[in-house]
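I have a structure I would like to understand better, so I am pasting it below and will then ask my questions one at a time.
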Amino acid sequence: MPLRTDISAQQPRVAGTTDSYQDNLDVDVLIVGAGFAGVYLLHRLRDELGLNVKVYEAGTELGGIWHWCQNCYPGARVDTPVPCYEYSFPSIWKEWTWKEKYPSWKELREYFKFVDQKLDIKKDVAFESRVISSEYDPKANKWVAKTEDGRTARCHYLINALGFAAKRSFPDWKGMENFKGEIHHSSFWPEGGVDVKGKKVAVVGTGATGIQLSQEIGQQAASTTVFQRTPNLCLPMRQRKLTAEEQNAAKDTYPEYFKHRMTTFAGFPYDFADKNTFDDSPEEREKFFEERWQNGGFEFWLATYKDMLFDWDANAETWNFWLKKTRERIKDPRKRDILAPTKAPHAWGTKRPSLEQNFYEVMDQPNNDVVDIKNNNVVEVKENGLVTEDGQFREFDIIALATGFDAVTGGMKNMGLKDINGIDINEKWAEGTKTYLGMTLSGHPNHFFLYGAQGPTAFSNGPSCVELQGEWIVDAIAKLRKENIQYLDATKEGEDRWFNYIKEINDKTLFPHTNSWYMGANIPGKVREQLNWPGGFPLYEEKTREVLNNGFEGFTTQPPAAAA
């Protein structure tokens with residue numbers, strides 16, 4: 001089976017029957033992407049501001065990553081507990097209940113079907129509509145977007161709601177086309193699944209996807225071999241079933257719950273403790289760590305001591321506790337030293353830890369294996385297996401590529417986006433990423449984006465970030481219309497200030513010391529820089545609201561003379 005590498009390699013398109021599919025669309029707002037962000041903004045802008053809004057979605061259903069095959073691989077589920085991972089719309093949560101604390105991809109798809117039933121979203125969405133060109137027409141003061149199948153749309157406001165994992169990353173191994181078994185990137189997993197029973201499976205990569213794939217396939221396949229470049233410092237998920245009764249009994253608290261999540265650093269229902277690591281005695285610290293470890297999820301990461309991501313000695317205390325708890329779960333000494341080495345591979349928490357249910361126990365099984373490829377990478381694919389630099393050949397029937405994404409910036413660089421001077425965003429960002437507020441770009445008038453570069457994005461709970469940034473965009477558009485401002489463009493000075501502010505915050509942390517996708521280090525040739533806002537929700541809201549309340553400080557509201 002050939003390796004699928006591009007989202008355009010789909011089944012033949014089915015012509016849509018609504019006006020959303022017509023050629024030469026002319027609307028107030030065009031949103032690109034129908035995941036959490038696109039659906040949220042469509043509802044707010046269409047139903048509450050009364051604008052003519054359409055959405056272009058490359059996939060075939062609502063849900064963004066949850067309806068792409070991107071997240072239908074074995075074990076795929078969200079790493080945020082509900083009700084945190086959902087919309088705060090009362091019309092949705094009052095009638096919806098979940099089956100699990102951390103829902104699977106199947107349940108997320110059902111959720112989006114319910115959202116559509118309540119908000120009538122799909123009538124204004126054109127599916128199988130991949131945007132390949134987005135350019136600004138200065139004479140008409142409109143954006144012109146073109147789809148892969150030749151349709152054109154014009155809009156006054158263009159909003160990219162692509163998510164931070166819209167562009168896949170593939171290894172450049174020799175001979176990939178020669179493999180005779182099945183080979184799939186995790187984001188293009190076959191909808192009908194892959195039969196792994198009795199098969200030898202290779203899982204390449206140990207990000208969140210690799211962990212979820214491995215712990216699931218490792219219980220079914222004849223053997224599962226994980227190829228690991230860097231250990232994932234996983235945390236226990238503490239998954240459990242939920243009943244409708246317990247959720248309904250708690251719904252009186254939901255309004256305050258949703259308000260509270262927006263006041264925490266990362267949009268979760270918990271936050272860093274207001275004390276430093278060495279404020280506690282060793283005994284108190286052990287108890288503090290143990291409580292968060294037993295609670296599960298990201299509490300050991302995002303509800304720990306406030307200096308953990310700033311101070312090396314404090315970070316070492318966290319690492320030592322993680323190491324003790326994890327190594328005791330792995331009986332095989334060789335695997336233990338690969339999966340949980342005694343020397344920290346990086347400062348703890350400076351790479352996103354994955355949540356696991358039984359990953360270490362599954363990998364500890366004698367039929368499964370883990371290969372350290374940090375200094376012994378895969379160099380060639382044979383028709384029936386993989387060869388590493390040391391010349392060793394390992395035979396496989398199935399290869400699962402959990403090799404990640406050109407995260408945060410890749411999606412916007414993959415849609416033919418150009419500024420008012422015709423400069424492609426790939427050229428604009430070639431020497432480094434520049435945005436204003438993590439929602440706008442200089443030279444891109446009336447263009448917004450969210451859950452992307454230099455926003456809270458990867459340091460946040462997705463739905464929380466969508467609502468934080470989405471509300472700013474809705475309020476900005478409402479203000480523009482109220483004040484009859486037809487043109488809004490971020491200045492280069494504004495971009496420079498935002499870039500420098502992010503760098504100033506980031507340089508105080510331990511993040512710059514780690515090669516991670518947060519820093520763009522997972523993609524060869526990509527500029528190494530902090531791609532996310534590292535200052536937390538409260539400071540982000542304060543700074544972005546100041547701009548809105550101070551008459552769009554950092555923007556120009558007048559087109560260049562040549563375009564006027």
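Using a Förster radius of 25 Å, what is the FRET efficiency between GLN219 and ALA344 based on their Cβ-Cβ separation? Nearest 0.05, please.
On the way: r = 29 Å, r/R0 = 1.17.
With a Förster radius of 25 Å, E is 0.30.
Would you mind checking which residues have amide H under 5 Å from THR403's amide H? H placed 1.01 Å from N; only 5 or more apart, or other chain.
Result for THR403 returns SER186.
Here's another thing I want to ask about it. Relative to 2.2 N^0.38 Å, what does the C-alpha radius of gyration of segment 176-401 come to as a ratio? Two decimals please.
Numbers: Rg = 20.2 Å, N = 226, 2.2 N^0.38 = 17.3 Å.
Rg over 2.2 N^0.38 Å, computed on Cα atoms: 1.17.
Modelled label-to-label distance, PHE310 and LYS180, 7 Å Cα→beta-carbon offset: nm?
For the pair PHE310/LYS180, the computed spacing is 6.0 nm.
Using 19 Å as the cut-off for backbone N distance, which residues of segment 74-93 belong to the label zone defined by a point 7 Å from the Cα of THR18 along Cα→Cβ?
Within reach of a label on THR18: 92.
How do the peptides 197-210, 544-557 rank, highest first, by the average count of neighbouring beta carbon atoms within 10 Å per residue?
Numbers: 197-210: 21.8, 544-557: 15.4.
The most tightly packed comes first, giving 197-210, 544-557.
Taking θ as phi - 60°, what are the ³J(HN,Hα) couplings along segment 446-462 by the Karplus curve (6.51, -1.76, 1.60), each to the nearest whole Hz, with x for Gly and Pro?
6, 10, 10, 8, 8, 6, x, 4, 6, x, x, 4, 6, 9, 8, 6, x
Now, a different point. Given R₀ = 41 Å, what would the calculated FRET efficiency be for SER281 paired with ASP390, taking r from the Cβ atoms and rounding to 0.05?
Working: r = 48 Å, r/R0 = 1.17.
The value I calculate is 0.30.
Same structure again: Lys and Arg at +1, Asp and Glu at -1: add these up for the other residues within a Cβ distance under 12 Å of TRP173 and post the number. Don't skip to the end; give the middle numbers.
Working: positive: LYS174, LYS382; negative: ASP172, GLU177, GLU380, GLU389.
Around TRP173, the charge tally is -2.
Using only DSSP helix segments of four residues or longer, with each worth -39500 (n - 2.57), what per-residue ellipticity at 222 nm results for the chain after dividing by its residue count and rounding to 500? Kindly include the intermediate steps, with their values, before the conclusion.
Values: 15 runs with 151 residues, N = 564.
For the chain, the value works out to -8000 deg cm²/dmol.
I've got another one for you. Assuming R0 = 35 Å, what is the FRET efficiency of ASP496 and THR263, from their Cβ-Cβ distance, to the nearest 0.05? Walk me through the numbers on the way to the answer.
Values: r = 29 Å, r/R0 = 0.84.
The pair ASP496/THR263 has a calculated efficiency of 0.75.
Rank by packing, highest mean first: peptides 125-133, 444-452, 258-266, 297-305, with packing defined as the count of other Cβ atoms within 10 Å averaged across residues.
Order by mean packing, descending: 444-452, 297-305, 125-133, 258-266.
Here is a further query. Subtract the Cα-Cα distance of GLN558 and LYS94 from 0.36 nm times their separation in residues, and report this length gain in nm to one decimal. Working shown, then result.
Values: separation 464, 0.36 × 464 = 167.04 nm, distance 4.46 nm.
Difference between extended and current length: 162.6 nm.
Continuing with this model, one more query. Starting from the exponent 0.38 and prefactor 2.2 Å, build the expected Rg for the chain from its residue count and divide its actual Cα Rg by it.
Working: Rg = 23.6 Å, N = 564, 2.2 N^0.38 = 24.4 Å.
The chain yields a ratio of 0.97.
Still on this structure, I have one more. What residues qualify as long-range amide H neighbours of PHE396, i.e. H under 5 Å apart, gap of 5 or more or another chain, H built at 1.01 Å from N?
HN-HN under 5 Å from PHE396: GLY385, LEU386.
Arranged from highest to lowest average of other beta-carbon atoms within 10 Å per residue, in what order do the peptides 243-250, 332-339 appear? Could the numbers behind the result be given before it?
On the way: 243-250: 11.1, 332-339: 16.6.
In decreasing order of mean packing, 243-250, 332-339 become 332-339, 243-250.
A follow-up question, please. Give me the log10 of I(q) over I(0) for segment 192-245 at q = 0.14, 0.27 Å⁻¹, as the Debye formula computes it from C-alpha points; what are the numbers?
Rounded to two decimals, the profile gives -0.47, -1.07.
Would you mind computing, in nm to one decimal, how far apart the modelled labels at LYS508 and ASP475 are, each placed 7 Å from Cα along Cα→Cβ?
2.4 nm
Using the structure shown, list the pairs from LYS197/LYS331; LYS101/LYS146; LYS118/LYS241; LYS325/LYS434; LYS180/LYS331; LYS275/LYS543 with a Cα-Cα distance above 32 Å, or answer none. Intermediate results must be reported in sequence, preceding the final value.
Details: LYS197/LYS331 25 Å; LYS101/LYS146 40 Å; LYS118/LYS241 25 Å; LYS325/LYS434 41 Å; LYS180/LYS331 35 Å; LYS275/LYS543 25 Å.
Where the Cα-Cα span goes over 32 Å, the pairs concerned are LYS101/LYS146; LYS325/LYS434; LYS180/LYS331.
Could you work out the relative contact order of the chain, using alpha carbon pairs under 8 angstrom and six or more residues apart, expressed as a whole percent? Write out the running numbers ahead of the final one.
Details: 1105 pairs, mean separation 107.3, N = 564.
In percent, rounded to a whole number, it is 19.
Net charge near ASP280, counting Lys/Arg +1 and Asp/Glu -1 over other residues with Cβ under 11 Å of its Cβ?
Numbers: positive: LYS275, ARG285, LYS287; negative: ASP279, GLU283, GLU284, GLU286, GLU317.
Summing Lys and Arg as +1 and Asp and Glu as -1 gives -2.
Same structure, new question: With +1 on each Lys and Arg Cβ and -1 on each Asp and Glu Cβ, and nothing else charged, work out how big the dipole of the chain is about its Cα centre, in Debye to the nearest 20. Don't jump to the answer; show the numbers that get you there.
Numbers: 69 positive and 81 negative charges, 144 e Å.
So the magnitude is around 700 debye.
Quick note: the coordinates plus some simple rules give every number you see, no bench work behind them. Because the structure is predicted, anything quoted here is derived from the model rather than measured. Quick reminder, even Gly has a Cβ in these numbers, built from the backbone with ideal geometry, and neighbours come from all protein chains shown.
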